[in-house]
Amino acid sequence: MKQTLKPIMMSALIAMSGLTLSASKPEANPMVFGNSRLSIITPTLLRLEYARDGAFIDAPTLFAYDRTSMLPVDSIEITDLGDNRYEIRTPALRIRYHNDGFPFSTSNLNVFYTLNGKEKKFTNRFITRNNLGGPVETLDRVTGEIPMNDGILSKDGWYMIDDERTDLLVDGWIRPRDTDSHIQDQYCFIYGNDYKAALASLGAISGKVPMTRKYIHGVWYCRYWDYTADEFLGIIDGYDENDFPIDNIVFDMGWHTNDATVGTGHNGHLNWNGYTWNKELIPDPEALLKACHERGVTVSLNDHPHDGLRPHEYNYEQFAASLGLSEDDPVPLFDLSDSTYMNRFFEYAHRPSEDMGVDFWWLDWQQNYLFPHVRGHHATSLAWINELYYRDSQRQGKRGAGYSRWSGWGDHRHPIQFSGDAQANWEILAFEVRLTACSGQGGCYYWAHDTGGFRGDPNAELTTRWTQFSALSAALRVHSTKDKRLDRRPWISGEKFTDAMRRMYHMRSELMPYIYSSVWQTHNTMVPLNRSMFIDYGEQPESFRQPQEFTFGDNILAAPITSPGEGDSLTASQQVWFPAGEVWYDYFTGERHDGGCTKNITKPLDEFPMYVRGGHILPMQPYTARPATTPLDTLVMLVYPAAGDTDNSFELYEDDGISLDYTRGKYTTTRLQYIQNGNRATVTVHPAEGGYEGQITERSYRLLLPALRDKTTVKINGRRAKVETDPVKGTKYVTVPKTSVRKTVTIEYSI
């Protein structure tokens, strides 16, 4: 059989003489062997293709979205073994391939990798046994733990995604494959123990998770209720008056009219789909949106688009005319396969509300039972509509803003996802902890949950514990069904619960610099914000046995309470494993826990097991009622001692929070360094690098030192500083007056 990969120089002489010589580099990557093509995308990610007549696929798909990444040829070694057999090496893999003219199989391909210090063999049989879990599409009507889908991480050290049936993206639109020609398209993630390499490989082929609009990670209020304009503003005012932060408010279905008479409907209702404002509840939508924005709060609208625009909508005639329809033509069906229809839909259904000030849409697509796939395609309706909505949200230079259910591989490019209408009970809370920690392994990086549960009996204790978990999630978002007993405003359940939840809301507000910087880290590395313990500590077997525990970014460890408490203080317990090699400090009490042990931690209602990693800087901000938009005029840094000498840095990330300018390098990073040498510690704020429109030029600093000994001298830039004590928290701190962000600040003290 003819080979289109040129033989390596002198391979014939090597075969005749029996000599073993160092092989030349391959001439190209991908490597073509007749009708087979092997692409080495990263050192741990292979693409296997087989196509009749060599008609390979170079167009992107909804999963394989990025075709630009490929391992450089000079990082690959290939040896021609003779008889159409080759050995190919990457920095992580040894590949044995026999070009026998057939598709890649267990007969012609073996890949050797290292797992737990031993060489293992991968073949593309795709028999999975030890997958570590991934996201599910939705928790709608789920009342207890359910099986999770696969993620790419496995204790076997590999995972494979079959992309053969995925539609292509040609000129920005989906197109079915030529299944008569292209018959094999597999992506083999073979990473051994290097889980972060697997996640990076996902970004290399499927695109990195984009930066979200900063307010997405703030505090949300949402409820299925028909509120008036005054009531919406009253909710925002209530947050302020009761000392709770808020960044975003969601208008559920009551914002639009409900007088539809035709359509497929959903759940027996024709009125869930609509685009004409309900003037009885909201007489002046533009004025309401302006008032929300004046209060510093963004607005999202619920959208069930399954019937598109129908004759009862105020602008239906113009919409129909734009499609070339007359009065006698039937109402057009909502058609995700038709680019003209979808462009006109966005123009007439969304643009009028956006022009009035709506910030983004809540895509509440629930019609998979009626329309599981895009007409004439393999793509699911949810996957394609998520892509279209996200694209359309990238108008006027803004980042995309998705807010929809999870649709599978590739949907990480459309954050943020919401997990659906879960039942309000303790079992679901516990499952959401596990699900959230594992979901990034399947690409679902940012969950927004229905804090407190969507439906069920009122339970203020459950809502309080759920709030603690959501305070360390991608967004602190509440939601509930149309039940007059269920309202998740955090100040209406009695003083004990209000005080406990206020503490969590304030903490969320204060952690925003750390959260947003960690989102930047996720964008760059594909390592999740909420992550399972084995991602960072997989070399320790105990890390695989902690379903109720996770790390939140690099420097926070948490194990939320997921069971009811006892006594007047509703004290409850949770098991916490502290990874060896680290020292951890209780965020609320400052208690030290050395790593390498498991403890049963008991906490009152207003605390939960949450720990800061010693020897690292946790960047924070003073409490603000608008956490996601308040300028960082004062940088607060929380620091605990390390277990021994150390030199660690954290990259504080800042940008304008909403535009795509970050993709053009318009952002700022500031290195925050902690050095511990013997009994001396130094915290250094290095000069800010980069810039963006609206960047502050000066800020003050507050260094929190809870473990600082009494009468210890602290010096700021070589001068002795005043050590103060917070009258409420009892934490010692020093303050650096406002200074240029381009100047170095050094703080030294004894430990």
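The values are calculated or read from the model by the stated rules, or taken from the named source; none is laboratory data. These numbers were taken from a predicted model, which means no experiment stands behind them. Here Cβ is always computed from backbone atoms with ideal geometry, including for glycine, and neighbour counts include all displayed protein chains. For accessibility, only protein heavy atoms count, side chains too; no ligands or nucleic acids. Shrake-Rupley method; radii C 1.70, N 1.55, O 1.52, S 1.80 Å.
Considering segment 86-127 at the alpha-carbon level, its Rg and Dmax are found to be 10.9, 35 Å.
With contributions of -39500 (n - 2.57) from each DSSP H run of at least four residues, the per-residue ellipticity at 222 nm computed over the chain stands at -5500 deg cm²/dmol. Distance from the C-alpha centroid of segment 699-721 to that of segment 465-504: 36 Å, rounded to the whole angstrom. The chymotrypsin sites (Phe, Trp or Tyr not before Pro) of segment 443-510 include none that meets both criteria, a DSSP state outside H, G, I, E and B (loop) and at most 15 other C-beta atoms within 10 angstrom of the site's C-beta.
Near Ile216, once Lys and Arg are set to +1 and Asp and Glu to -1 for all other residues with Cβ below 15 Å from its Cβ, the sum equals +4. Of the three principal axes defined by the Cα atoms of segment 14-145, the extents in descending order read 69, 38, 27 Å. Restricting the calculation to alpha carbons of segment 473-575 gives Rg and Dmax of 16.7, 50 angstrom. Could you tell me whether segment 97-192 comes out rounded, prolate or oblate from its Cα gyration tensor? Rule is a ≥ b ≥ c as square roots of the eigenvalues, rounded for a/c under 1.5, then prolate if a/b exceeds b/c, otherwise oblate. Verdict is oblate for segment 97-192. Taking only protein heavy atoms and a 1.4 Å probe, the accessible area of the chain is 47% carbon and sulfur. Computed from the Cβ-Cβ distance with R0 of 51 Å, the FRET efficiency linking Glu87 to Glu280 stands at 0.10.
With R₀ set to 35 Å, the beta-carbon distance separating Asn717 from Lys196 gives a calculated FRET efficiency near 0.40. Taking Cα pairs under 8 Å and at least six residues apart, what relative contact order does segment 494-564 come out at, in percent? Here the relative contact order equals 21 percent. The convex hull around the C-alpha trace of segment 189-266, projected and averaged over every direction, spans 10.3 square nanometres. For the chain, the solvent-accessible area of protein heavy atoms averages 39 Å² per residue (probe radius 1.4 Å; ligands and nucleic acids excluded). Placing +1 on each Lys and Arg Cβ and -1 on each Asp and Glu Cβ, with no other charges, gives the chain a dipole about its Cα centre of roughly 2740 debye.
Shown here for segment 324-423: trypsin sites (Lys or Arg not before Pro) in loop regions (DSSP other than H, G, I, E, B) with at most 12 other Cβ atoms within 10 Å, namely Arg375, Arg395.
Counting charges near Pro330 (Lys, Arg +1; Asp, Glu -1) among other residues having Cβ under 14 Å from its Cβ returns a value of -4. What does the charge count around Arg94 come to, taking other residues whose C-beta lies under 9 Å from its C-beta (Lys +1, Arg +1, Asp -1, Glu -1)? Combined, the nearby Lys, Arg, Asp and Glu give 0. So what's the gap between the Cα centers of segment 556-617 and segment 654-698, to the nearest angstrom? Comparing the Cα centres of segment 556-617 and segment 654-698, I get a distance of 30 Å. With the simple spin-label model, which puts each label point 7 Å out from Cα in the Cβ direction, the Thr143 to Thr739 separation comes to 6.1 nm.
When the Kirkwood hydrodynamic radius is evaluated over all pairs of different C-alpha atoms of the chain, what value in angstrom, to one decimal, is obtained? Show your work: numbers first, answer last.
Numbers: mean 1/r = 0.0356 Å⁻¹.
Hydrodynamic radius (Kirkwood, Cα pairs) of the chain is 28.1 Å.
Largest first, the residues His269, His449 sort by 1.4 Å accessible area into His269, His449. Taking Rh as the Kirkwood radius, which is the inverse of the mean 1/r over Cα pairs, what is the Rg/Rh value for segment 294-379? Using Cα coordinates only, the ratio equals 1.01.
Here the spin labels are modelled as points 7 Å beyond Cα on the Cα-Cβ line, and at Ser339 and Ala707 they lie 5.9 nm apart. The solvent-accessible area of Thr697, taken with every protein chain present and a 1.4 Å probe, is close to 100 Å².
Sorting check: for 173-181, 334-342, which peptide has the highest mean count of neighbouring beta carbons within 10 Å, and how do the rest follow?
Highest-to-lowest ranking by the protection proxy: 334-342, 173-181.
Which chymotrypsin sites (Phe, Trp or Tyr not before Pro) from segment 57-91 combine a DSSP loop assignment with at most 13 other Cβ atoms within 10 Å? Loop-located and lightly packed - none at all. Measure up Lys482/Lys603; Lys214/Lys603; Lys290/Lys738; Lys279/Lys398; Lys279/Lys482 against 22 Å on the Cα-Cα distance and list the ones that go over. Checking Cα-Cα distances, Lys482/Lys603; Lys214/Lys603; Lys290/Lys738; Lys279/Lys398 exceed 22 Å.
The longest part of the chain holding none of the exposed loop GluC sites (Glu not before Pro), meaning those outside H, G, I, E and B in DSSP with at most 13 other Cβ atoms within 10 Å, is 28-279.
Put simply, when 725-735, 245-255, 478-488 are sorted by average Cβ atoms within 10 angstrom per residue, most first, you get 245-255, 478-488, 725-735. Principal semi-axes of the equivalent ellipsoid, √(5λ) from the alpha carbon gyration tensor of segment 520-660, are 26, 20, 16 Å from largest down.
FRET efficiency for the Lys120 to Asn315 pair, using the beta carbon distance and R₀ = 60 Å, is estimated at 0.45.
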